[in-house]
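The values are calculated or read from the model by the stated rules, or taken from the named source; none is laboratory data. Because the structure is a prediction, the values reported are computed rather than measured. Because the Cβ atoms are built from the backbone with ideal geometry, glycine has one as well, and the counts that use them run over all protein chains shown. Note: accessible area is taken over every heavy atom of the protein model, side chains too, but ligands, DNA and RNA are not part of it. Shrake-Rupley method; radii C 1.70, N 1.55, O 1.52, S 1.80 Å.
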Amino acid sequence: MMQFNETKQDERLHELRAKEEEELAQMLSQKYGIEFIDLSSHSIDTDALRLIPEATARNCDIAAFSKVNKTILLAMRAPERTDALEVAHGLERLGYAVRRYIVSTASLEHAWERYKDISYAAETEAGVLTLSATTITEMLAKLQTIEDVRSEIKIHITAKDSHRISRILEIIMAGALGLGASDVHLEPEEKGVNMRYRLDGVLLAVASFDFETYRLMSSRLKLLSGLKLNIKNAAQDGRFSIVVKEKEIEIRASVLPGAYAETIVMRILDPSTIALPMEALGFDTYLMDIFNREIEKPNGMILNTGPTGSGKTTTLYAFLNRVRSSEVKIITIEDPIEYHLDGVVQTQVSRDYSFAAGLRSTLRQDPDIIMVGEIRDNEVAETAVQASLTGHLVFSTLHTNDAAGTFPRLMGMGVSPDILGASLTVAMAQRLVRRLCPHCRIQVEITGDEKKLVDLLLTNIPHPEGIPENRGVMFMPKGCEKCRGLGYKGRISVVEVILMDHAIESTIRESASERTIWLAARPQNIRRMSQDGVIKILQGVTSLEELGRVVDLHDDSLEAYIKG
């Protein structure tokens, strides 16, 4: 006797309806020419999901399910719905590239389920998961000095309301953005936690916190950055974004275990601070002529060297900005992508996509110009050199102390001197010095040991046309409202360059000594970094103390180079 199983029948009908809906979604995909995807087996990226409020997503039958750099993957049930398209356009206005996919209701339900994860996280000790862009915008107008930031934090540290941690973080980030800080450092010590801003390359103390407040702050920052709360004995890296005045600013968070608690550093990637033209970087006319000539060549390699934070990437972006056009293909391999350039294919390294793997893949994409964020090992060095020898113009960076150090560094990575001579066209080094505030700088006479040093740097200096007539005075910082009491405002490059020529090529075959390379470069009539800096001192752009902070003014090879 056959028995009717109603439960199994209902399950079967449900499966058939689900299958029919998936098939209908695939048919619509073909009709509209938009790719179909089944999200039931895909993990949903909550960073992407939270870009659209749950109520909006459900009302419009959409879900943002993946976020890769500035690209959002958007699932839609009806791709021509006006309200859904308006949400997509809103994401584009924030600077995202939106890729649309057609999905079934079941796929959307699978994505919407993940909103519970976000809601749960928001209800935990870490509190509200997102920082208020509105509050940060209001704070930007209010926080004009470090003292303003310090005072505002003190008010909220003693508060008892449930939102005090959110308010403190909004003050910290608004203060950093308003003052133009590049990094925020949170450093636990024995008696408390210190917070410092890096302003124009210099760390300045701002505030201190008790350990209980910091424990809540670090939990909140971990949630914001997509990091694991329960891991406290290993390093973690994450990120989050703040949208201020329709501009998205990305924050890179690094967490490091310490003796007393985890140290957190947040790096602020503001596109407006890196998207500078070549003319704004502080290059003198003769350097501009060199760079304009060299970046127009169809092949070769231009290396910019210096420590982290010396402006190397900003300079390379300026070069790319100058050469990009619809007639050339430019591909970059970066870590991370700090500024998005229209018309340039930009890729970012990851655990599975190294500089070496990226460079090999890039060469199969038929590029004209390649930018490699950094040459870190012999595999990348060899591949970059070979690329420059096979019709590509290669830009990259290297960690060395000066321009002459580029040659022994590459040879130490296994690059043959013969090949190096044929591939490398420009080795440059740079540092960033703070600009004196033009509103409050003080003029002083140059005397004593300072005069001896300035006179030495001016001896036989190449391109003396930039030197002011009065060589006996320089300027010092003071501090005023315009510079927020710091005496400095903004930074400018000091640069040195070595061009590959017959003398350099012969020298590196015989010797890898930086001293002999500098002597071989002397006839090129290009200033050393310290000489470039002393011109800016006499012009009132920076101070002697500031130049000495970032450049070794007593380098053994300097006097030999100066006296030829």
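A few comments on the model shown:
- Rounded percent of accessible protein surface that carbon and sulfur make up, the chain, 1.4 Å probe: 49 percent
- Radius 14 Å from Cβ of PHE407, net charge of other residues (Lys, Arg +1; Asp, Glu -1): -4
- DSSP finds beta bridges in the chain, and of those with both partners inside it, around 65 percent are antiparallel.
- Over 26 Å between alpha carbons, listed pairs LYS312/LYS489; LYS142/LYS191; LYS142/LYS482; LYS191/LYS489: LYS142/LYS191; LYS191/LYS489
- In percent, rounded to a whole number, the relative contact order of the chain is 9, using alpha-carbon pairs under 8 Å and six or more apart.
- Ordered by solvent-accessible area of protein heavy atoms (1.4 Å probe), largest first, the residues MET476, MET173 come out as MET476, MET173.
- Over all pairs of different C-alpha atoms in the stretch 334-435, the reciprocal of the mean inverse distance, the Kirkwood hydrodynamic radius, equals 14.5 Å.
- Taking all Cα pairs closer than 8 Å and separated by 6 or more residues, the relative contact order of the stretch 187-303 comes to 16 percent.
- Taken about its Cα centre, the chain carries a charge dipole of about 980 debye when Lys and Arg each add +1 at the Cβ and Asp and Glu each add -1 at the Cβ.
- Angle of helix 133-142 to the longest C-alpha principal axis of the chain, folded into 0 to 90 degrees and rounded to 10: 30°.
- When you count the other C-beta atoms within 10 angstrom of each residue and take the mean per peptide, 323-335, 209-221 line up highest first as 209-221, 323-335.
- Free-standing Cys, the chain [no other Cys Cβ under 4.7 Å]: CYS60
- Rg(Cα) / (2.2 N^0.38 Å) computed for the stretch 411-564, rounded to two decimals: 1.20
- Rolling a 1.4 Å probe across the protein heavy atoms gives the chain an accessible surface of 47 Å² per residue.
- Under 15 Å of direct C-alpha separation, and excluding same-chain neighbours fewer than eight residues apart, LYS563 reaches these aspartates and glutamates: ASP455, ASP555.
- Two numbers describe the Cα atoms of the stretch 16-88: Rg and Dmax, which are 12.6, 38 Å.
- Cross-link partners for LYS31 among the lysines, with Cα-Cα distance under 30 Å and sequence neighbours closer than 8 places in the same chain left out: LYS19, LYS67, LYS70.
- For LYS222, the aspartates and glutamates whose Cα falls under 17 Å of its own Cα, not counting residues fewer than eight places away in the same chain, are ASP45, ASP47, ASP117, GLU123, GLU125, GLU170, ASP183, GLU187, GLU212, ASP237, GLU250, GLU262.
- Measuring max minus min along each principal axis, the C-alpha atoms of the stretch 377-450 give extents of 53, 27, 20 Å (largest first).
- Cα-Cα separations in the chain greater than 36 Å, expressed as whole percent: 47 percent
- Each stretch of four or more DSSP H residues adds -39500 (n - 2.57); spread over every residue of the chain, this sum gives -12000 deg cm²/dmol at 222 nm.
- Simple spin-label estimate for GLU279 and ASN378 gives 4.6 nm between the two label positions (7 Å along the Cα-to-Cβ direction from each Cα).
- Degrees between helix 146-157 axis and first principal axis of the chain (Cα, 0 to 90, nearest 10): 30 degrees
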